[in-house]
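Inspection log for the structure reproduced underneath, given as structure tokens.
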Amino acid sequence: MKQEIELGGTRVQIAPVDGSSEASVAFHRLVSKLQQSPILANIPRGVPEVRRRVQILVSVDFDAVSAWMGTGQHPHNCLSDFSSGIFAGRVGVGRLLGILKRVGISDKVTWFIPGHSMETFPLETKDVVDSGAEIALHGYCHEDCTQLNPQQEEEILDKCIALAQSLTGRKPVGFRAPLYRIGHETIGLLDRKGFLYDTSLSGHDAQLYYLDSGFPLAAVDYSEPARTWMNPSPQPRQVSVVEIPANWYMEDMTPMQFLPNVQNSHGFVTTQAIEQMWKDRFNWLWNWGPDGSGPGDFVFPLVLHPDTSGMAHVAGAIEGMFQWLKAWGPQVEFVTYEKAAREFLQEDRVVAA
């Protein structure tokens, strides 16, 4: 008959021993020695859990109608197109605020609000401020920064700083270029104005890093000899502004909002497809970390729009995604962009010291 013994905290079944008393006594002496062995006592009871710190960075771009005035302008746009921006301001913002409150992360979200939205939708903007969210800048009329001259760009930034400060009582510290269209001049301007962070670039997808002046890339001139363009790019100059990752695969609008006169507009991608893509991204980073070598700390940004995530068929998927992320437990934390950037700076100073 089989017997069960405990070795190192583990129950083990053993085959029957010879029925003779001498064999049985010898066997039980061996078991007793094994059970008292200090080696077994030090064997871990299980594989230790790898500790990670994951920061979920949820942001909302409150573009509303400003997007149609700036990067989204087109001669064929009409009232029908503009009405989706009205929906964003009057309906979508409230729905998103409700979701964020139910999930318990209202004050752990960063809203990037164009100046035009602040002034055109003052009540909705006040609701956002009252939710405890961080307020950051996103142009005035959702302008393409690369099309602005330095004077225009500084005038816009100063106006939006003043607007945000009048709402919150403090100077905003974050910026996202409308449509991610950031230029070399923008970077220098943010640095001079003392901004803590920008989130317009995709030099990484899961780690914060220092912004730099950008590679001054020169296009190939096919009319000239090849030797004239076969040169490496000069190394860019690092600035003090922190860069928080952003790219098209982290946002809702591009795949799930139909914009008739905007390039690459989709609008009929299912919420399930986008939700699964975001989960696939998270799962890979959880298993392999930001550098692909194994588990480690990472950030997970999501960019939402009240135009898109405020729509009835999308809102439920967004709330479900938040709940899925929260279910990962205490290693996963929702934080504002400002908090993530300040902690990055603090950790960098500790390492440098």
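The values are calculated or read from the model by the stated rules, or taken from the named source; none is laboratory data. What you see is a predicted model; the values in this text were computed from it and never measured. Quick reminder, even Gly has a Cβ in these numbers, built from the backbone with ideal geometry, and neighbours come from all protein chains shown.
Assorted remarks:
Here's the yes/no breakdown for (1) modelled with pLDDT under 95; (2) surrounded by 14 or more Cβ atoms within 10 Å (Cβ to Cβ); (3) farther than 13 Å from residue 99 by Cβ:
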| position | (1), (2), (3) |
| --- | --- |
| 312 | no, no, no |
| 315 | no, yes, no |
| 319 | no, yes, no |
| 327 | no, no, yes |
| 330 | no, no, yes |
| 333 | no, yes, yes |
| 341 | no, yes, yes |
| 349 | yes, no, yes |
| 352 | yes, no, yes |
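- Residues in the stretch 280-311 that are assigned to a helix (DSSP H, G or I) and either hydroxyl-bearing (Ser, Thr, Tyr) or closer than 21 Å to residue 67 by Cα (or both): 306, 307, 308, 309.
- Any hit, the stretch 67-90, residues being closer than 24 Å to residue 242 by Cα and out of contact with any Ser or Thr (no Cβ under 9 Å at 6 or more places or on another chain): no
- Subset tally (residues that are in contact with a Ser or Thr (Cβ under 7 Å, 6 or more places away or on another chain) and of a type in the set (A, V, I, L, M, F, W, C)) for the stretch 315-343: 3
- If you go through the stretch 145-182 and pick out every residue that is under 24 Å from the mean Cα position of the chain (by Cα), outside any helix (DSSP H, G or I) and buried (at least 17 other Cβ atoms within 10 Å of the Cβ), you end up with 8.
- Residue in the stretch 329-337 that is in contact (Cβ under 8 Å) with a residue 24 or more places away in the chain, under 13 Å from residue 57 (Cβ atoms) and in a helix (DSSP H, G or I) present: yes
- Candidate set: the stretch 263-294, residues that are on the phi < 0 side of the Ramachandran plot and small (Gly, Ala, Ser); chosen: the one surrounded by the fewest Cβ atoms within 10 Å (Cβ to Cβ): 293
- Residue match in the stretch 68-78 (condition: in the same structural domain as residue 310 (by TED's automatic domain parsing), among the β-branched types (Val, Ile, Thr) and outside any loop (DSSP other than H, G, I, E, B)): no
- Candidates 236, 255, filtered to the one that is outside any loop (DSSP other than H, G, I, E, B) and assigned by TED's automatic domain parsing to the domain that holds residue 300: 255
- Residue 104 being more than 23 Å from the chain's Cα centre (by Cα) and at positive phi: no
- Lone unmet requirement of (1) touching a residue at least 12 places away in the same chain (Cβ under 8 Å); (2) farther than 18 Å from residue 62 by Cα; (3) in contact with a helix residue (DSSP H, G or I) (Cβ under 9 Å, 6 or more places away or on another chain) for residue 342: (3)
Results for (1) of a type in the set (Ser, Thr, Tyr); (2) surrounded by fewer than 21 Cβ atoms within 10 Å (Cβ to Cβ), shown as yes or no for each residue.
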{"site": "184", "(1), (2)": "no, yes"}
{"site": "189", "(1), (2)": "no, yes"}
{"site": "199", "(1), (2)": "yes, no"}
{"site": "204", "(1), (2)": "no, yes"}
{"site": "213", "(1), (2)": "yes, yes"}
{"site": "222", "(1), (2)": "yes, yes"}
{"site": "225", "(1), (2)": "no, yes"}
{"site": "230", "(1), (2)": "no, yes"}
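- Each residue in the stretch 93-135 was checked for being in contact with a Gly (Cβ under 6 Å, 6 or more places away or on another chain) and over 28 Å from residue 54 (Cα atoms), and 3 pass.
- Unique match (being assigned by TED's automatic domain parsing to the domain that holds residue 123, more than 30 Å from residue 153 (Cα to Cα) and surrounded by 16 or more Cβ atoms within 10 Å (Cβ to Cβ)) among 91, 58: 91
- Qualifying positions in the stretch 296-352 - more than 16 Å from the chain's Cα centre (by Cα) and among the β-branched types (Val, Ile, Thr): 308, 314, 350, 351
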